[in-house]
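Asker: Have a look at this one.
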Amino acid sequence: MNAQNLIDTARELVAGDKGLLAMDESNPTCNKRFAKLGIPQTVEARRAYRELIVTTPNLGECISGAILFDETIRQQKKDGTPFVKVLTDAGIIPGIKVDAGAKDLAGHPGEKITEGLDGLRERLAEYSKMGARFAKWRAVITVGNGIPSPGCIEANAQALARYAALCQEAGLVPIVEPEVLMDGDHTLERCREVTEDVLRTVFNQLYTQRVMLEGMILKPNMVVPGLTCPKQETVDEVADATVRCLLRAVPAAVPAIAFLSGGQPAELASARLNAMNVRFKSRLPWALAFSFSRAIQQPALEIWRGEEAHVMAAQKALYHRALCNRAARRGEYSAAMERT
Ligand code: 13P
C-alpha cells in the first residue's frame, strides 16, 4: 500500500469543489429505472445511456470521479473507445462499485447485509489493472419498528471496514457508504439517532481493521425525516441536523464526506448541500461534497428516454445538475440557477 497515493487520490476526488457521479446502478436497478420510462432493458440500451453520460461535454469541470458498474467498466463507446479512457481523457477518475448487493440478513426480519467480500482481493486487483483508482461499497440500514438492530449495524459496519482495508491494500481509495434509508414515517430526530449510531459503529470498525482514515471518503445519507413523515423540516434544519450529527461521529482525519442523494428530489439535494456549506464550511474539518446518482442523472434520463435525438438535451440537463452541485459545494447555489 502506498499511503501517499491514497491520500492524494482522496484529495483529488474532492478538489476544485467538484464531486462524484455515481453511475454504478446494478443491471436490475438500471433496468427498473429504464422500465418506468419505457426504455428497453438491454445491454445495448445501458451501454448507450452510459455513453451519453461519459461523453457529456465539459462534465470534468464539475465531476472529479465516476463510479462504474462491472458491466460498464468493460464497455466502450460506439467507436470502440473504452469508457475508462473517455473518462480519464475528460479529467474524471474512474471508480468501481465492488459490493455484490444487499441480501436478507439471517435472523433479522426486514434487515439487510451487503455481500461481496469473497474473492474481493482478486477483483480489486483486476479493476485496478483496468484503470479504477477508487471503489465503492454500500451498506443499507432500514429504519422501522424495532430496527435497525445492533446485529445488523455491526455486521454491515464490519463488512464495510474489511472492504475498505482490502481497497487500501490494493491502492484504491474506499468510498465507505452506510446508507440509512429514507423510506418510512420516522422523524428527522430518529434518522439522526440511527445515523449517529451507524457512523460511530462504522468508524469503530474502520479503526479495528486498521483503515487509514486520510485515504478514504465517507458517503453517508443526509439526516432527513422519513419520506412519509408528516413533519418535513426546512432546508436549514436538515443542514443543521446533518452537520451536528457528522461532527459528533466522523473523525477530523477523514478528508471528505460525499453525500448520497437517496431519492431526494434533485433540486432539494442541491439546496441542502448548499445550506450546509453556507452555514458551516469555514468551521468543518472535512470537505462536504456530493456523490449523487439520481440527483444528478434522473432529469437527464427522463429527457433521453432511449431516443438518440434527445441525447444532446439530456447531456445538457446532466451538466446542469453537476454544475448546480459544484455551486452547492461553494455555497453559491440558488433556486435562480434552475431557471437558466
Ligand atoms: P443516489 O444518489 O441515487 O442515492 O445514489 C447514490 C449511490 O451511489 C447509491 O449507492
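Asker: Do you know which residues across the stretch 187-218 are in a loop (DSSP other than H, G, I, E, B) and within 23 Å of Gly19 (Cβ to Cβ)?
Answerer: Val211, Met212, Met216
Asker: While we're looking at this one, here's another question. Looking at the stretch 269-315 only, could you name the residues that are aliphatic (A, V, I, L, M), part of a helix (DSSP H, G or I), within 15 Å of the ligand (Cβ to nearest atom) and more than 19 Å from Met182 (Cβ to Cβ)?
Answerer: Ala300, Leu301
Asker: On to the next question. Would you confirm whether any residue within the stretch 321-328 is free of Cβ contacts under 8 Å to residues at least 12 places away in the same chain and assigned to a helix (DSSP H, G or I)?
Answerer: So far as the stretch 321-328 goes, no, none of its residues is free of Cβ contacts under 8 Å to residues at least 12 places away in the same chain and assigned to a helix (DSSP H, G or I).
Asker: Select from the stretch 121-134 the residues that are of a type outside the set (D, E, K, R) and either within 16 Å of the ligand (Cβ to nearest atom) or out of contact with any helix residue (DSSP H, G or I) (no Cβ under 8 Å at 6 or more places or on another chain) (or both) and list them in ascending order.
Answerer: Across the stretch 121-134, the qualifying residues are Ala125, Ser128, Ala132, Phe134.
Asker: Could you tell me whether Gln168 is in contact (Cβ under 8 Å) with a residue 60 or more places away in the chain and not small (Gly, Ala, Ser)?
Answerer: Considered against the rule, which asks whether it is in contact (Cβ under 8 Å) with a residue 60 or more places away in the chain and not small (Gly, Ala, Ser), Gln168 comes out as yes.
Asker: Could you look through the stretch 135-166, keep only residues that are small (Gly, Ala, Ser), surrounded by 22 or more Cβ atoms within 10 Å (Cβ to Cβ) and within 16 Å of the ligand (Cβ to nearest atom), and pick out the one that is nearest to Asp104 (Cα to Cα)?
Answerer: Filtering first and then ranking leaves Ala139.
Asker: Among the residues of the stretch 15-41, which ones are part of a loop (DSSP other than H, G, I, E, B), among the hydrophobic types (A, V, I, L, M, F, W, C) and within 16 Å of the ligand (Cβ to nearest atom)?
Answerer: Leu37
Asker: Filter the stretch 248-268 down to residues that are of a type in the set (A, V, I, L, M) and either on the phi > 0 side of the Ramachandran plot or in a loop (DSSP other than H, G, I, E, B) (or both), then give me how many there are.
Answerer: Total meeting the criteria: 5.
Asker: Considering each residue of the stretch 167-185, count those that are in a strand (DSSP E or B) and within 12 Å of the ligand (Cβ to nearest atom), and give that number.
Answerer: Qualifying residue count for the region: 6.
Asker: Name the pairs whose Cβ atoms lie under 8 Å apart, with the first residue in the stretch 278-292 and over 21 Å from Ser64 (Cα atoms) and free of Cβ contacts under 8 Å to residues at least 40 places away in the same chain, the second aromatic (Phe, Trp, Tyr) and within 16 Å of the ligand (Cβ to nearest atom), and 6 or more positions between them or separate chains?
Answerer: That search, which allows pairs on different chains as well, returns nothing.
All of the numbers you see were taken from the coordinates with simple rules; none came from a lab. What you are looking at is a predicted structure, and each value in this text was computed from that prediction instead of being measured. FYI the Cβ positions are ideal-geometry reconstructions off the backbone, even for glycines, and counts take in every protein chain you see.
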